[in-house]
Amino acid sequence: MRHVEEVMGTAVVIDVADPLPHHELAALIDGTCAWLHEVDARFSTYKDDSEVNRLDRGELTADRCSPDLRTVLDACAALRRETDGYFDDRAAGRFDPSGYVKGWSVEVASARLAEAGSRNHCVNAGGDIRSRGCPEPGRPWRYGIRHPWEPDRLAWVLTGTDLAVATSGTYERGLHVFDPHSGEPVRALRSVTVTGPDLALADAYATAAMAMGTGGLLWLAHLAERSRYQSAVITRDRYTYLSDDLPLSEAVPERPPARASGSTRWAGRPPWAAGSATGVR
């Protein structure tokens, strides 16, 4: 069963591929939608009465926040330390944990589906994706990576059975990622895609690397060496970077020739330079 829910300012696509009765599939999707709307009500920076905005205005103290918000506050603080301040929930001048919350909410949604008995599903929140199992026996999920300059084209395809895929980019929302050290919007990178086992971290790492500018390339290379998080980056000048273990499909059209550069691969200036994870099939 596939369902599209408008929530958190985007379209969330929920695919549940388990061979279950219709009413059980519907209940799984209803529970997922209810969770996502709960997150939207609590964490939205656009809803005046949200818990995030009440905390930002000083109407609520951290010790009186909900357990979910305290979890997010702790995670954001840890990520700020891990990224030398480049992941900062106050980079835009006010409290805004959105760079963590969307990925975290989808990761939790997937975990809840698994706990409820779903072994095969995919949740895609505007290109931030968490999948488990397979869409059908013997076939992994496939994730289309959108071309950042030509929205009707795919640059490459990723594949996996238990994978998170997150992208931070400037081609849809403009210059919305800020370098928290300078306070300026970042321009050097066009898009950063990060894959790994946890969407909350993948989403935050993509945002942090985008904020680092070209320095994010080396940071992502080190991340790939010490963890299971792999990445693909497109610079403003159309250079591409891919970490060695990025789960690329063998069916990728126009895969760029690569030349070795330590633990990374550089593809020079391919004519199709690519960006954000969008399609899943």
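The values are calculated or read from the model by the stated rules, or taken from the named source; none is laboratory data. Only a predicted model underlies this, so the values are computations on that prediction, with no experimental measurement involved. Cβ: placed from backbone, ideal geometry, glycine included. Neighbour counts: every protein chain shown. Surface areas here come from the heavy atoms of the whole protein model, side chains and all, with no ligands, DNA or RNA. Shrake-Rupley method; radii C 1.70, N 1.55, O 1.52, S 1.80 Å.
Return the distance in nm (one decimal) between the two label points of a simple spin-label model at Asp74 and Asp56, each offset 7 Å from Cα along Cα→Cβ.
2.4 nm
What shape does the stretch 81-221 take by its C-alpha gyration tensor, where a ≥ b ≥ c are the square roots of the eigenvalues and a/c under 1.5 counts as rounded, a/b above b/c as prolate, and the rest as oblate?
prolate
Which residues in the stretch 16-55 place their backbone N less than 11 Å from a point set 7 Å from the Cα of Ser66 along the Cα-to-Cβ direction?
Answer for this model: 35-44, 50-52.
In square angstrom, what is the accessible area per residue of the chain with a 1.4 angstrom probe?
Per residue, the chain has an accessible area of 45 Å².
Please work out how much length the chain gains when fully extended from Ala116 to Arg153, using 0.36 nm per residue of separation minus the C-alpha to C-alpha distance, in nm with one decimal.
Additional length available on full extension: 9.7 nm.
Write out the trypsin sites (Lys or Arg not before Pro) in the stretch 22-107 meeting two conditions: DSSP loop, and at most 16 other Cβ atoms within 10 Å of their Cβ.
Lys47, Arg57, Arg90, Arg94
How much accessible surface area, in Å² rounded to 10, belongs to the heavy atoms of Thr159 with a 1.4 Å probe?
For Thr159, the solvent-accessible surface is approximately 40 Å².
Could you give the nm distance between label points at Asp237 and Glu184, where each point is 7 Å from its Cα heading toward the beta carbon?
Placing both labels 7 Å along Cα→Cβ, they lie 1.6 nm apart.
Given N residues in the stretch 38-79, what is Rg(Cα) / (2.2 N^0.38 Å)?
My calculation over the Cα atoms of the stretch 38-79 gives 1.08.
Assuming a viscosity of 0.692 mPa s and a temperature of 37 °C, what translational diffusion coefficient in µm² per second does Stokes-Einstein assign to the chain, Rh being the Kirkwood radius over Cα pairs?
Translational diffusion coefficient: 171 µm²/s.
Search the structure for amide H atoms under 5 Å from the amide H of Arg236, placed 1.01 Å from N in the peptide plane, and list their residues when 5 or more places away or on another chain.
The answer is Leu189, Arg190.
Show me, for the stretch 101-110, the HN-Hα J-couplings you get by feeding each phi into the Karplus relation (A = 6.51, B = -1.76, C = 1.60, θ = phi - 60°), rounded to Hz, glycine and proline as x.
Ordered by residue, 3J(HN,Hα) equals 5, 4, x, 4, 5, 6, 4, 5, 4, 5 Hz.
How much of the accessible area of the stretch 102-235, probe 1.4 Å, is carbon plus sulfur, in whole percent?
Taking all protein chains in place, the stretch 102-235 shows 48 percent carbon and sulfur surface.
What's the longest uninterrupted piece of the chain once you rule out the GluC sites (Glu not before Pro) that are loop residues per DSSP with at most 14 other Cβ within 10 Å?
60-249
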